[in-house]
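Novice: Questions regarding the structure given below will be posed in turn.
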Amino acid sequence: MEVVNRAIIVYAWSLILLRLMGKGLTFQQKPYDFVVMMLIGSASAAMIVNRDVPLINALVALGVLALMHTVISLSTLNNLLKGFIGGRPDLVIRNGRIVKQNLIKNAINVEQLMAALRNQGYRRIHDIEFAILEPNGQLSVIPKSQVRPVTPQDLQISTVYEGIATPLVVEGQVLRQNLFGAGLDENWLKAELTKRGIRGTDAVLLLLLDTDGSLYIAEQPPINPFKAFFVGEGKDKEQSKDPDM
């Protein structure tokens, strides 16, 4: 039971610390983000099974790691320290030519670069204006204007505003704040579901209200959660109808 109690406490404390450290910890993960996540993970695991370490000491150690990470993250807001701590992006392709010096600097060979470009759908280096190796290790590719996909702006075609669809029902739960914010009420929602032969919100997996007033409705079929967890859809899947619009 002691191990179980330690696991629960350490897990809860780690979760709180990760939440306090903010979304920047997982957004565009920087080297110091990776280090603190690795240390917190390893330390938490060791603290759970090693009963020789007092639990309070373990929690303090995790708190110190979180505090150090916060200080380092704030220090990267200073331009003098940002490049040293967080790293800087490096051009690996410029105007269709490979920048070999930056490949060597980042210990990347040409085959790895080619594989990364193919993963993004680029097969010819001379179609690429810039390829940038970001501080988090991801490769950003900017193609030459002659080979990039045509946009409505290129064709001088006017477009309408699309915006973002508003979720009104998620897994059977009505998001009343969104519903009322759109100037609607539950009577309207019930009427819309009735028109489509849906018995109630419990049968709705997702309902979205688009900016043009159209609805996307995905019904929620009866699901065995244990079977879904271990098997997924399985071989006995049924052909479902398209979501209502």
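Novice: Among the lysines in the chain, how many pairs, 8 or more places apart or on different chains, have alpha carbons under 19 Å apart? Could you put the intermediate results ahead of the total?
Specialist: Values: Lys23/Lys82; Lys30/Lys82; Lys30/Lys105; Lys82/Lys105; Lys195/Lys241; Lys227/Lys235; Lys227/Lys237.
Close lysine pairs found across the chain: 7.
Novice: Here's a follow-up. Where is the GNM fluctuation largest for the chain (alpha-carbon springs, 10 angstrom cutoff): Tyr11, Tyr32, Tyr161?
Specialist: Looking only at Tyr11, Tyr32, Tyr161, the biggest GNM fluctuation is shown by Tyr161.
Novice: Okay, next question. Under the rule of -39500 (n - 2.57) per DSSP H run of 4 or more residues, summed and divided by the residues of the chain, what mean residue ellipticity at 222 nm is obtained, to the nearest 500 deg cm²/dmol?
Specialist: The helix-only estimate for the chain comes to -12500 deg cm²/dmol at 222 nm.
Novice: Which of Val92, Val141, Val231 moves most in a GNM of the chain, Cα contacts under 10 Å?
Specialist: Taking springs between Cα atoms under 10 Å, the residue moving most is Val231.
Novice: Once phi is turned into ³J(HN,Hα) by the Karplus curve 6.51 cos²θ - 1.76 cosθ + 1.60 with θ = phi - 60°, what whole-Hz value does each residue of the range 131-139 show in order, with x for glycine and proline?
Specialist: 10, 10, 8, 6, x, 8, x, 7, 9
Novice: Under the definition of Cα pairs under 8 Å and six or more residues apart, what whole-number percent is the relative contact order of the range 1-76? Mind showing how you got there, number by number?
Specialist: Numbers: 40 pairs, mean separation 32.9, N = 76.
This gives 43 percent for the range 1-76.
Novice: Could you grab the relative contact order for the chain? Cα pairs under 8 Å, six or more apart, rounded to a whole percent. Can you show the working numbers first?
Specialist: Numbers: 243 pairs, mean separation 28.3, N = 245.
Value for the chain: 12 percent.
Novice: Return the single residue from Leu155, Leu208, Leu15 with maximal mean-square fluctuation; model: Gaussian network over the chain, springs between Cα atoms under 10 Å.
Specialist: The residue with the greatest mean-square fluctuation here is Leu208.
Novice: Can I ask one more? Would the range 57-179 count as rounded, prolate or oblate if I go by the C-alpha gyration tensor, calling it rounded below 1.5 in a/c and otherwise prolate when a/b exceeds b/c, oblate otherwise? Can you show the working numbers first?
Specialist: Values: a/c = 2.32, a/b = 1.05, b/c = 2.21.
Oblate.
Novice: Explain nothing, just compute: Karplus ³J(HN,Hα) = 6.51 cos²θ - 1.76 cosθ + 1.60, θ = phi - 60°, for every residue of the range 4-18 in order, whole Hz, x for Gly and Pro.
Specialist: Result, rounded to whole Hz: 4, 5, 5, 4, 5, 5, 5, 4, 4, 5, 5, 5, 5, 5, 4.
Novice: Using only Cα atoms, what Kirkwood radius does the chain have, in angstroms? Write down the numbers at each step before the final one.
Specialist: On the way: mean 1/r = 0.0418 Å⁻¹.
Kirkwood hydrodynamic radius for the chain: 23.9 Å.
FYI, it's all coordinate maths here, none of it is from the lab. These numbers were taken from a predicted model, which means no experiment stands behind them.
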